[in-house]
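Accompanying notes for the structure given below.
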Amino acid sequence: MPHHASRHLAEGPRVGVRHFSYEDGAEFTARARESEDLHQPWLFPPTTAQAYTAYAGRLIEDPSKAGFLVCEKSDGAIGGFININNIVEGGFQSGALGYGAFAHAAGRGLMREGLDLVVRYAFGPMRLHRLEINVQPGNTASIALARRCGFRLEGFSPKMLFVDGAWRDHERWAITTEMINPVGRH
């Protein structure tokens, strides 16, 4: 797929981020199937057309969610995805982040660039104040990404999320707008 800058919500040197579309299903599910060894047991993105349609539909239609694809600028290939779930407005102005790289993009710094773009987009146009990432303690790659992007470890939540058939412990990592913009905004 050729790169179309107008589709990106934000761009860095090597990637752009844009919202999910239903048309991304074939590429997304193929990349997810190629990446099962990388993702499991931490993450289970959709690998079939039907599962993708339901997954993307929630991200596209539910105002408490926002889904972003991290796309390489050189050829438009989807390198990964970043979702903001449980978006709460009002006095809270926050959301919970989840993300995954696809195998062909892992270890190349594309997700770091993409996560930085999504954080800035969330704190800019989305007007959020805080983002939180919940990561299983053994998922060292996700923890390293959170750390590299400036998230701070805030705590530990035993049996927090039901993943792969069991309640799993998670570390809580967070970032606020003041951490990337010391002046902050109200």
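The values are calculated or read from the model by the stated rules, or taken from the named source; none is laboratory data. As the structure is a computational prediction, the values presented were derived from the model and not from experiment. Positions of Cβ are generated from backbone atoms using ideal geometry, with glycine treated the same way; all protein chains shown enter the neighbour counts. To get the accessible areas, we keep the full protein, side chains included, count just its heavy atoms, and leave off ligands, DNA and RNA. Shrake-Rupley method; radii C 1.70, N 1.55, O 1.52, S 1.80 Å.
How many angstrom lie between the Cα centre of region 110-156 and the Cα centre of region 41-92? Cα centroid to Cα centroid, the span is 15 Å. For the chain, the longest piece that avoids every one of the trypsin sites (Lys or Arg not before Pro) found in DSSP loops with at most 12 other C-beta atoms within 10 Å covers 1-126.
Given an 8 Å cut-off on Cα distances and at least 6 residues of separation, report the relative contact order of the chain as a percent. Spell out each step's value before the answer.
Values: 330 pairs, mean separation 33.2, N = 186.
It comes to 18 percent, rounded to a whole number.
Label zone of Ala141 (point 7 Å out along Cα→Cβ, amide N under 13 Å): in region 27-61 this covers 32-45. From helices alone, the chain scores -8000 deg cm²/dmol at 222 nm; the rule is -39500 (n - 2.57) for each run of n ≥ 4 DSSP H residues, then divide by the residue total. Using only alpha-carbon positions in region 93-186, the gyration tensor eigenvalues give semi-axes of 23, 17, 11 Å once each is multiplied by 5 and square-rooted (largest first). Fully extending the segment from Arg14 to Ala54 would add 11.5 nm, taking 0.36 nm per residue of separation and subtracting the current Cα-Cα distance.
Per the Debye calculation on region 39-168 with a single equal scatterer at every Cα and no solvent contribution, log₁₀ I(q)/I(0) for q = 0.10, 0.15, 0.20 Å⁻¹ amounts to -0.32, -0.77, -1.44. For region 27-87, the per residue solvent-accessible surface stands at 45 Å², with DNA, RNA and ligands left out and a 1.4 Å probe.
So with the 1.4 Å probe, I'd like the accessible area per residue for region 126-186, rounded to whole Å².
Working: 3390 Å² over 61 residues.
Solvent-accessible surface per residue comes out at 56 Å².
For the full complex of protein chains and a 1.4 angstrom probe, list His8, His19 by accessible area with the highest value first.
Working: His8 30, His19 80 Å².
So, going from the largest accessible area down, we get His19, His8.
GNM on the chain, alpha-carbon springs under 10 angstrom: the most fluctuating residue among Gly150, Gly107, Gly165 is Gly165.
Taking the square roots of 5 times each eigenvalue of the Cα gyration tensor of region 13-58, largest first, gives ellipsoid semi-axes of 17, 16, 10 Å.
Taking a temperature of 4 °C and a viscosity of 1.567 mPa s, what whole-number D in µm²/s does Stokes-Einstein yield for region 1-112 with Rh from Kirkwood over alpha carbon pairs?
Numbers: Rh = 14.4 Å.
So the translational diffusion coefficient is about 90 µm²/s.
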